[in-house]
1. Skipping prolines and chain starts, which residues have an amide H placed within reach, meaning under 5 Å, of the one on SER140, given they are 5 or more residues away or on another chain?
2. Note down the magnitude of the dipole of region 48-197 about its Cα centre, charges +1 on Lys and Arg C-beta and -1 on Asp and Glu C-beta and zero elsewhere, to the nearest 20 debye.
3. Which three extents, in angstrom, do the Cα atoms of region 48-197 have along their principal axes, listed largest first?
4. What net charge do the residues around GLY62 carry, taking every other residue with its C-beta under 14 Å from that of GLY62, with Lys and Arg at +1 and Asp and Glu at -1?
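Bear in mind that the values in this text are calculations on the coordinates, not laboratory data. If you're wondering where the values come from, they're calculated on a predicted model, not measured in any experiment. Methodologically, a virtual Cβ is constructed for each residue, glycine included, from the backbone with ideal geometry; neighbour enumeration extends over all protein chains shown.
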Amino acid sequence: MVGSIGPIPGVAAARQARPADGSAPVQRPVRKGDWVDISNVGQSSFQAPALNEIAAKQLAAGDSALGEVAGILGDVAQLVSQRHEYSKEDAVSQQLQIDASIASVDRVATTAHFDGTPLLDGSAVIEAGGQKIALPAVDSASLGVGDYRLGDLRTGGGLAVASGNEAIATSVVAAAIANMADARTQIAMFKSQAHTTSAADMATTMQSIREMMLGGGQDAVGEGNRSAIVQMLK
């Protein structure tokens with residue numbers, strides 16, 4: 001958290017106190033329980049983790065929604081693969097289940113948001129650690145292979161149960177499931193790379209602060225604050 005930090009027991013440092021007449025600060029020992037102000041030290045660096053936290057929540061929300069879609073698509077795949085096992089009457093019920101599942105995919109694609117921003121309509125781009133990742137559109141009009149889309153499996157579509165195009169329907173659903181797996185893998189890789197970059201950046205920042213404190217840094221912070229931060233960084 002940017003700002004004051006403390007109390008820091010047992011810090012053997014000096015704290016500055018400016019007299020009422022405006023003369024030069026007088027040094028006094030930092031007493032146990034004193035609060036040490038570090039609000040002027042690398043504020044942008046200390047604020048960075050908050051941005052990373054937001055990105056992590058965005059990615060988690062996106063990944064969760066993708067996982068939900070993948071589960072729905074798994075149900076569709078099972079229904080499609082069992083077409084030959086159903087009677088004509090049962091096929092009607094099967095089609096209704098497929099329609100409901102496709103509607104659920106579109107529902108997730110439409111309602112998956114983070115802080116009011118859509119995540120799965122193809123417009124979401126998340127930044128972290130100096131890198132970017134774009135989340136895919138997962139609605140029934142976007143998922144598919146070749147000239148066919150998941151929406152074609154609906155009642156009246158070219159890949160509906162009554163069409164008899166079981167092989168193509170199976171390929172479309174399989175491609176959609178593969179898209180979900182690829183997107184989730186990319187998120188996992190992005191999180192790993194962003195974490196590595198953030199850790200390296202933080203290490204560099206801490207080293208810079210350490211060098212500033214040990215090397216002088218009078219213009220950045222007071223002597224008392226400098227000494228106290230040295231103790232924290234050791």
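1. Those qualifying (amide H under 5 Å, at least 5 residues apart or on another chain) are ASP106.
2. Working: 9 positive and 17 negative charges, 54 e Å.
Magnitude of the dipole: close to 260 debye.
3. Computed over region 48-197, the largest-to-smallest principal extents equal 60, 25, 23 Å.
4. On the way: positive: LYS57, LYS132, ARG184, LYS191; negative: ASP63, GLU68, ASP115, ASP121, GLU127, ASP182.
Neighbour charge sum, excluding GLY62 itself: -2.
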